[in-house]
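Contents: one structure, followed by commentary.
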Amino acid sequence: MDSKNIGEMVLSTETIVQGVNIVAEKLNSQFKGQTAVIISIVPGGIIFTADLVRQLQFELKMDYISCIHTPGDRNNSSDIIYFENVTIKDQHVILVDDAIESGGTMKRVAKFFTDNFQPKSLSIATLFVKPGRVKILNKQYFAYEMANDDMLIGYGLPWQDKYRNLPFVSKLIK
């Protein structure tokens, strides 16, 4: 793998495992004894979703949605692709992604579900959030709040469709 864009490590593999456990504990506490639908935002959320659901102790169903975006773009207008493989009306829905960076895409996806599918509740689970993100009114479960809005890669986060498979998160060197 070409490492010219991989900068300073921000979250180690061990820190990510701890973060997954932190988010899982929050969700297990909130949804104990209930059923929720986990909707992974692909492709970025795949890795975090896989790690997270294995730590969840409540009944769950799973689905996925695609909304391609450019990291840092608050005005994403790409197509939202969702097939509703699992009925979500009157269900607790948890949108899962690797991170909330600018927040524009997540805000749009959350509104899409609220406006079109009438879930009982809709919340968001990510490994981390960035400080410059837009305000999203839905309940958010995350492990870490980054100190700044640096571009990051790894653990699902890409740069030019590369580096998603890094087992850690690092700063991007352009």
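The values are calculated or read from the model by the stated rules, or taken from the named source; none is laboratory data. Predicted, not measured: the structure shown is a model, and the values here were computed from it. Cβ sites come from the backbone with ideal geometry, for glycine too, and all protein chains shown count toward neighbours. Accessible surface areas use protein heavy atoms only, side chains included; no ligands, DNA or RNA. Shrake-Rupley method; radii C 1.70, N 1.55, O 1.52, S 1.80 Å.
So the values come out like this:
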item	result
Hydrodynamic radius of the chain per Kirkwood, over alpha carbon pairs, in Å	16.2 Å
Fully extended contour minus Cα-Cα distance, from I173 to I68, at 0.36 nm per residue	35.6 nm
Q118/A50 FRET efficiency (R0 22 Å; Cβ-Cβ; nearest 0.05)	0.20
Within the range 55-143, chymotrypsin sites (Phe, Trp or Tyr not before Pro) in DSSP loop having at most 10 other beta-carbon neighbours inside 10 Å	F83
Per residue accessible area in Å² of the range 16-151, where ligands, DNA and RNA are left out and the probe is 1.4 Å	49 Å²
Carbon and sulfur %, accessible surface of the range 1-140 computed with the full protein complex present, 1.4 Å	49 percent
Fluctuation leader among I68, I94, I39 - the chain, Gaussian network, Cα springs under 10 angstrom	I68
N21/D90 FRET efficiency (R0 30 Å; Cβ-Cβ; nearest 0.05)	0.50
Filter on K4/K139; K32/K130; K4/K26; K4/K111 - keep pairs with C-alpha separation over 30 Å	K4/K139; K4/K26; K4/K111
Nitroxide proxy distance, nm - points 7 Å out along Cα→Cβ at D161 and I81	1.2 nm
Anisotropy class of the range 88-174 from Cα gyration tensor, a/c 1.5 cut	prolate
